[in-house]
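Participant: Submitted below is the structure of interest, expressed as structure tokens.
The values are calculated or read from the model by the stated rules, or taken from the named source; none is laboratory data. What you see is a predicted model; the values in this text were computed from it and never measured. Note that each Cβ is placed from the backbone with ideal geometry, even for glycine, and that neighbours are counted across all protein chains shown.
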Amino acid sequence: MVLADLGSRLRGALSSVESGSDDEINQMIKDICSALLEADVNIKLVVRLRDNIKNKIKSEITAHDNTMNKRKKLQKIIYDELCGLVDSHEEPPKPKKLSAQKKSASTQTVTKTINGKKVKVKQNSGPSNISSYVIMFVGLQGSGKTTSCTKLAVYYKKRGYKVGLVCADTFRAGAFDQLKQNAIKASIPYYGSYLEQDPVKIAHEGVEKFKDEKFDIIIVDTSGRHRQEQQLFDEMVQISEMVTPDQTIMVMDGSIGQAAESQAKAFKDSANFGSIILTKMDGHAKGGGAISAVAATKTPIIFMGTGEHINDFEPFKPSTFISKLLGIGDLQGLIEQVQSLNLQNDENHKKTLENIKEGKFTLRDFQNQLNNFMKMGPLTNIASMIPGMSNIMSQVGEEETSEKIKNMIFIMDSMTTEELESDGRLFVDQPSRIIRVAKGSGCPAVEIEMVLQQHRMMSTMAKSAAAANPDGVPGGAGG
Ligand code: GDP
């Protein structure tokens, strides 16, 4: 079962609870568990999740709860448990720009041996030393390592970091060409060699060059080869010892199913990676295998690849991922996507961010976000951030979803300034306003109600985002 199906099965299970009877709840739990098993989530994890859900239902739902309350509590319990499933509870390390590191520090030079020859290496020997942040990528061939290296480089470049790419994959013919082409397309400086056969030497030279040139982040791509080949692991250890990465990232194909767990364990034993990038979470990814790998290695997923294009890449946050799966929208993800459009000087955007900080989200904010949203692509990646949109998207496809969003913007064009600047409550107090907007926009009243309902859900999220983060809108992973 692919991820999109898992989402609709989970949503279906939740919405099948109508009266909140014991039979309905038991059936819902059964449906959730079988959906997770079919998505390749490890059976032990599913059993644990089932027991947790049952225990929480026993302790949190009482005979006094009416149906509405029961459903709300159930949704919260399922949401929390699913978040727990993909949350490693470990914080991934975050790169710091050189300019943000203490000026007083100096880099230490140490001598290391490569192939019997002694070489001098600059090394970050203490936390106060200024040094480039080195990220080493590991993973099997074909997992999407080289593509993800560039995607990560672009992600940090957009956020003002000076990033360089090093290709230490001398095994796969064409690996350097691929990285070079990606890097040129994205205007990222790169280092590699057509002649040198020793990946450890290339990694060392590339990292030293970029360190000398004061790069903030240096990303090293290594060879993937075939599954669990000893030479690959030895080489990874050697490169790691040479470049002493601040972070090692394992790239994992999200569609590999149950094999993910043993693969992750094998890599963890030799490369001791600190975070995971899941790729191919578009298309046919089941995702469950990778989720089980996270649990087995207690390692956070930090990013997710959602397509072949360089911008098909999102920070991974358990709550965001589960919100999208359950179709309850993702305000934070939407804001982060919009932020990547560099709208710092856009007055409307500034006002929206100020409002969100205060826990407000007016209809105009909603309209602005939708307008920005239309400038971003592809729609598949972002539609799920709006409550209810993933359902629409899976039913009607990208083109019609785009039309629906345009229609929502159009509907809000028929609202008065007072209405747009409001939290929408005045439509509840004076339903005649709905009829007026329906007439003005030429859309049925039910569509106006839908826009208002989606806005209400987003605005509830704005309130909880402000409460959880009083200093402002949370930033992206690692950023
Ligand atoms: P490597 O051997 O691990 O370096 O893998 P590559 O970066 O060469 O990727 C292998 C294939 O997977 C290429 O065709 C990529 O375009 C494709 N790929 C990488 N990431 C994604 C992703 O997130 N989604 C999809 N659909 N394809 C991806």
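Participant: (1) away from the ligand (no atom under 14 Å from the Cβ); (2) at pLDDT below 95; (3) surrounded by 17 or more Cβ atoms within 10 Å (Cβ to Cβ); (4) more than 24 Å from K280 (Cβ to Cβ): which one isn't true of V207, the others all being true?
Facilitator: (2)
Participant: What is the residue count in the range 58-96 for residues that are touching a Ser or Thr at 6+ places or on another chain (Cβ under 7 Å), assigned to a loop (DSSP other than H, G, I, E, B) and within 14 Å of S19 (Cβ to Cβ)?
Facilitator: Looking only at that region, the number is 0.
Participant: Could we say that K158 is charged (D, E, K, R), in the same structural domain as F215 (by TED's automatic domain parsing) and at pLDDT below 90 here?
Facilitator: yes
Participant: Among the residues of the range 301-310, is there at least one that is under 17 Å from I249 (Cβ atoms), more than 12 Å from the ligand (Cβ to nearest atom) and modelled with pLDDT under 85?
Facilitator: So far as the range 301-310 goes, no, none of its residues is under 17 Å from I249 (Cβ atoms), more than 12 Å from the ligand (Cβ to nearest atom) and modelled with pLDDT under 85.
Participant: Now, a different point. I need a count of the residues in the range 118-152 that are more than 13 Å from the ligand (Cβ to nearest atom) and either within 15 Å of V207 (Cα to Cα) or modelled with pLDDT of 75 or more (or both).
Facilitator: Summing the residues that are more than 13 Å from the ligand (Cβ to nearest atom) and either within 15 Å of V207 (Cα to Cα) or modelled with pLDDT of 75 or more (or both) in the range 118-152 gives 14.
Participant: Right, here's the next one. Show me the helices (runs of 4 or more DSSP H) found entirely inside the range 341-397 where at least 2 residues are at pLDDT 75 or above.
Facilitator: Passing ranges, in order: 347-357, 363-375.
Participant: Step by step: first the residues of the range 1-54, then only those that are basic (K, R) and in contact with a helix residue (DSSP H, G or I) (Cβ under 6 Å, 6 or more places away or on another chain), then the one that is modelled with the highest pLDDT. Which residue is that?
Facilitator: R50
Participant: Of these, S34, S21, which one is within 23 Å of K286 (Cα to Cα) and among the polar types (S, T, N, Q)?
Facilitator: One residue alone meets the criteria, S34.
Participant: With respect to S99, determine if the residue is outside any helix (DSSP H, G or I) and at pLDDT below 85.
Facilitator: no
Participant: Do you know which of the residues in the range 275-296 that are at negative phi and surrounded by fewer than 22 Cβ atoms within 10 Å (Cβ to Cβ) is nearest to the ligand (Cβ to nearest atom)?
Facilitator: Only one residue fits best here, namely D282.
Participant: Pairs needed: first member in the range 210-226, among the aromatic types (F, W, Y); second member anywhere, away from the ligand (no atom under 16 Å from the Cβ) and in a strand (DSSP E or B); C-beta distance under 6 Å; at least 6 residues apart or different chains.
Facilitator: Pairs that qualify, where the first residue is among the aromatic types (F, W, Y) and the partner is away from the ligand (no atom under 16 Å from the Cβ) and in a strand (DSSP E or B), are F210/G164; F210/I218; F215/G164.
Participant: Can you name the number of the only condition in (1) of a type outside the set (D, E, K, R); (2) surrounded by fewer than 24 Cβ atoms within 10 Å (Cβ to Cβ); (3) in a helix (DSSP H, G or I); (4) touching a residue at least 40 places away in the same chain (Cβ under 8 Å) that G257 fails?
Facilitator: Every condition holds for G257 apart from (3).
Participant: Looking at the range 164-206 only, could you name the residues that are charged (D, E, K, R) and over 16 Å from M242 (Cα atoms)?
Facilitator: Those that are charged (D, E, K, R) and over 16 Å from M242 (Cα atoms): R172, D177, K180, K185, E196.
Participant: Quick one: in the range 220-254, which of the residues that are part of a helix (DSSP H, G or I), modelled with pLDDT under 85 and of a type in the set (S, T, N, Q) is nearest to the ligand (Cβ to nearest atom)?
Facilitator: In this case the residue turns out to be Q231.
Participant: With modelled with pLDDT of 90 or more, surrounded by fewer than 15 Cβ atoms within 10 Å (Cβ to Cβ) and under 21 Å from F361 (Cβ atoms) as the only criterion, which of Q453, Q430 stands out?
Facilitator: Just a single option satisfies the conditions, and that option is Q430.
Participant: Enumerate the pairs (first residue in the range 180-192 and of a type in the set (D, E, K, R); second residue anywhere and at pLDDT 95 or above) with beta-carbon separation below 7 Å, excluding pairs fewer than 6 apart on the same chain, so at least 6 apart or on different chains.
Facilitator: K180/Y190
Participant: Tell me which residues, restricted to the range 153-176, are in a helix (DSSP H, G or I) and either out of contact with any strand residue (DSSP E or B) (no Cβ under 9 Å at 6 or more places or on another chain) or away from the ligand (no atom under 14 Å from the Cβ) (or both).
Facilitator: Those that are in a helix (DSSP H, G or I) and either out of contact with any strand residue (DSSP E or B) (no Cβ under 9 Å at 6 or more places or on another chain) or away from the ligand (no atom under 14 Å from the Cβ) (or both): Y156, K157, K158.
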